[in-house]
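Chemist: First the structure, then my questions, so here it is.
The values are calculated or read from the model by the stated rules, or taken from the named source; none is laboratory data. All figures in this text were calculated on a predicted structure; none of them were measured in a lab. Neighbour counts run over all protein chains shown; Cβ positions are idealised from the backbone, glycine included. Side chains are part of the model used for accessible areas, which takes the heavy atoms of the whole protein and leaves out ligands, DNA and RNA. Shrake-Rupley method; radii C 1.70, N 1.55, O 1.52, S 1.80 Å.
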Amino acid sequence: MRAPADPVHTLYVEHHGWLQGWLRRKLGNVFEASDVAHDTFVNVITSGMAGRIEQPRPFLATVARHLVIRQHRRRLLERAYLDTLALLPAELAPSPEERLIALESLQAVDQALDALAPKVREAFLLANLEGLSYADIAT
């Protein structure tokens, strides 16, 4: 009797080429498509869901789409931070190590905020960035 196939291996063999081609058409860049396809399968592996996926291609496309969106947001955040730093006088500019720590912290905060429900996120931002009281936010 043969042992059942590893669901991750089966998923990868049957759908990796399709996913990479789909991403290449969407992104227009073979290297970025390869990176996102890799990250998609890492996500599937770490989730432990490979054996329970009923419709692999729509599932993989959804995971990949979320990764592309996250990557785009990270780039926008990084660009905004670097643009702000460019306005600082040279003597006030942070070191490369401080820049990296700040970018990683900004990305962590962005991910944490993204995980919140929209109304909770809005209330948090209004209270912490705009200084509104909870009573004002509630109204």
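Chemist: Give me the 1.4 Å probe accessible area per residue for the chain, excluding ligands and nucleic acids, in Å².
Modeler: Here the per-residue accessible area is 73 Å².
Chemist: For a quick check, take a GNM of the chain with Cα springs below 10 Å and name the residue from Val120, Val36, Val68 with the largest mean-square fluctuation.
Modeler: Val120
Chemist: Next question, about the same structure. Quick one: compute the contact order of the chain, relative version, from alpha carbon pairs under 8 angstrom and 6+ residues apart, as a percent.
Modeler: 16 percent
Chemist: Related question: Quick check: from the Cα gyration tensor, does region 95-139 come out rounded (a/c under 1.5), prolate or oblate?
Modeler: oblate
Chemist: To the nearest 10 degrees, how steeply does helix 7-27 sit against the main Cα axis of the chain, on a 0 to 90 scale?
Modeler: For 7-27 against the chain, the angle is about 50 degrees.
Chemist: Take the alpha-carbon centre of region 58-89, take the same for region 94-139, and report the distance between them in whole Å.
Modeler: Answer, in whole Å: 16.
Chemist: Can I ask one more? For Arg121 and Leu82, what does the FRET efficiency come to when R0 = 30 Å and r is the distance between their Cβ atoms, rounded to the nearest 0.05?
Modeler: 0.75
Chemist: Next question, about the same structure. Can you give the extra length, in nm with one decimal, that the chain gains between Ala108 and Ala90 once fully stretched, where that is 0.36 nm per residue apart less the Cα-Cα distance?
Modeler: 3.8 nm
Chemist: Tally up the carbon and sulfur contribution to the accessible surface of the chain as a whole percent, 1.4 Å probe, everything protein left in place.
Modeler: Carbon plus sulfur share of accessible area: 58 percent.
Chemist: Next question, about the same structure. How many Å³ per residue does the convex hull of the Cα positions in the chain occupy?
Modeler: Spelled out: Cα convex hull of the chain, divided by residues, is 180 Å³.
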